[in-house]
1. With the structure loaded, tell me whether residue 32 is at pLDDT 95 or above and either open to solvent by less than 70 Å² (accessible area, probe 1.4 Å) or over 15 Å from residue 281 (Cα atoms) (or both) or whether it fails that test.
2. Out of (1) outside any helix (DSSP H, G or I); (2) within 21 Å of residue 181 (Cα to Cα); (3) of a type in the set (D, E, K, R); (4) modelled with pLDDT under 95, the odd one out for residue 265 is which?
3. Mind telling me which of the residues 148, 165 ends up being closer than 27 Å to residue 241 by Cβ, among the β-branched types (Val, Ile, Thr) and within 19 Å of the chain's Cα centre (by Cα)?
4. For residues in the range 63-99 being of a type in the set (Ser, Thr, Tyr) and surrounded by 15 or more Cβ atoms within 10 Å (Cβ to Cβ), which is modelled with the lowest pLDDT?
5. If the Cβ limit is 8 Å and pairs must be 6+ apart or interchain, which residue in the range 26-50 that is part of a loop (DSSP other than H, G, I, E, B) pairs with which residue that is basic (Lys, Arg) and modelled with pLDDT of 95 or more?
6. Where in the range 148-241 are there helices (runs of 4 or more DSSP H), lying fully within it, with 2 or more residues that are of a type in the set (A, V, I, L, M) and at pLDDT 90 or above?
7. So, in the range 244-284, how many residues would count as being of a type outside the set (Gly, Ala, Ser), open to solvent by less than 80 Å² (accessible area, probe 1.4 Å) and under 27 Å from residue 184 (Cβ atoms)?
8. Pairs, please: C-beta under 6 Å, at least 6 apart or cross-chain, first residue open to solvent by 20 Å² or more (accessible area, probe 1.4 Å) and in the range 172-199, second of a type in the set (Asp, Glu)?
Amino acid sequence: MKLNHLIALPPDKECETIATGFQHLDHLTGGLRTGQICTVAARPGMGKTAFAVSLLRNIGVVQKVPAAYFSLDLTELEIVRRLKASLTGSWETVPCNEITPPVDVIDAMKKIGFHIEKGRDVEQEAVQMMKEAPVWIEHNLEIGVDEIVSRMERLHQENQVRVVIMDSLRSILSACKTEQVRALQKLYQAADRMHLAVVLTSGLSLSVETRGGSKRPCLSDLRDWYQLEYFSSMVMFVYRPEYYYLDTFEDNSPSEDMADIMVRKNTFGGTGDVRMHFDNHVGFREIPYDDNDKSTHL
């Protein structure tokens, strides 16, 4: 296509960005881009599903951007419970009417869309927000890539879905490298054709565990998934020192209930680390930081 024709493309043909809802992460990366794949990878139990649910909370429930969540591990009910816990800041260990989130959690809830009033039932407000959210959740252990693409097309046509989160990629990829490439190619083409932002969660190679020194993952740890890095315009890793029984990060700051979201590839923005609070099952939330700090490591 000639240059003047490209310049004249209407806005709906241009790449759009969708905020993750994490301000510091969006400032670093520019947000999710439609027509592209973003991979979130980590070792088992590190928190990648919790992060994916937190993205669903921010994008689908708070920002009300139509979003689909394909859960290839957890059931729909488990995802709903995690989503509600992510909104309220409390896992269901006490009766609903006795949940009293701590002050810092209430402040975080206000930032993601709650309007907390004295005596208001936080649990019921979360449920109401979820009922009104343009979010579709599906669990299927035997679904393949062709079926996923078909359902993406239906959701896009019928409900204008703009974001698809797929957790987890290993459930649909064959061990054959040729088949892996074909599957990733189909997902990439679907994202491009339907103008969707697609988020995939993925495991990492055992090399993370066996090498000496730092256990922080790197792009080469994706090598078990052939060409996943190639098809992803953005790659993020979830890293928690607590996972390895470490009390501090490399900068000696406390690691308890903390995690780094490590952006290691970003075709359209910056790379770096964003530090967040982590609460197992409840999810991720931002922490305050000095506005004068211009570094990418927060």
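1. In short, yes.
2. Failing condition for residue 265: (4).
3. Unique residue meeting the criteria: 165.
4. 90
5. As it stands, the answer is 34/162; 46/240; 47/240, since those pairs meet every condition given.
6. Helices (runs of 4 or more DSSP H) meeting the threshold: 177-194.
7. 10
8. Close Cβ pairs satisfying both conditions: none exist.
The values are calculated or read from the model by the stated rules, or taken from the named source; none is laboratory data. For clarity, every value in this text was computed on a predicted model and none was experimentally measured. Quick reminder, even Gly has a Cβ in these numbers, built from the backbone with ideal geometry, and neighbours come from all protein chains shown. Just the protein is used for accessible areas: all its heavy atoms, side chains included, with ligands, DNA and RNA removed. Shrake-Rupley method; radii C 1.70, N 1.55, O 1.52, S 1.80 Å.
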